[in-house]
Amino acid sequence: MKTPDKGIKTKFVRFAVTGLLLTAVHTLLATLFIKLVTPIPPLANGLAFTGATVLSYLINTHWSFSARLSGRTFRKFFMVSVAGFLLAVLVSWLMQRAGFHYLLGILAVAVCVPPITFLLHNFWTYRP
């Protein structure tokens, strides 16, 4: 059996660390927007998502994937981010429809979405 490329393991670990960091950034931004800008949580989360996505692009491009910033990679990154968001909503909805506790839905999202978005970024967004 062939051993997986060590480069992809490093990229995935960096992608995961960045994801954890950006989850904290998103939470902080959403909280600040709710407290200081708008008391409407969906709007505050939308603004936080946008800010966190831009920061995620910058960190992942430079650190996780060792690539250069470009309009092409940003467009692809944003498309994958939106697809990840839609997948998270779908997985959560399916778990709810199946009658599972909402925490299992959150766990399912956490287990499914990051590996899929990583693969899309690795083999599409940052493909030379």
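Scanning segment 24-45 for residues that are under 15 Å from the mean Cα position of the chain (by Cα) and surrounded by 13 or more Cβ atoms within 10 Å (Cβ to Cβ) yields VAL25, HIS26, THR27, ASN45. Remark: ILE116 falls outside the filter, which requires a residue to be at pLDDT below 95 and either assigned to a helix (DSSP H, G or I) or surrounded by fewer than 13 Cβ atoms within 10 Å (Cβ to Cβ) (or both). Among the residues of segment 74-90, those identified as surrounded by 14 or more Cβ atoms within 10 Å (Cβ to Cβ) and more than 16 Å from LEU58 (Cα to Cα) are ALA83, GLY84, PHE85, LEU87, ALA88.
State whether the residues of segment 47-57 include one that is out of contact with any helix residue (DSSP H, G or I) (no Cβ under 8 Å at 6 or more places or on another chain), over 17 Å from THR27 (Cβ atoms) and at pLDDT 95 or above. No - not one qualifying residue is present in segment 47-57.
The values are calculated or read from the model by the stated rules, or taken from the named source; none is laboratory data. Owing to the predicted nature of the structure, the values given are computational and were not obtained by experimental measurement. When we count neighbours, we look across all protein chains shown, and the Cβ atoms used for this are built from the backbone with ideal geometry, even at glycine.
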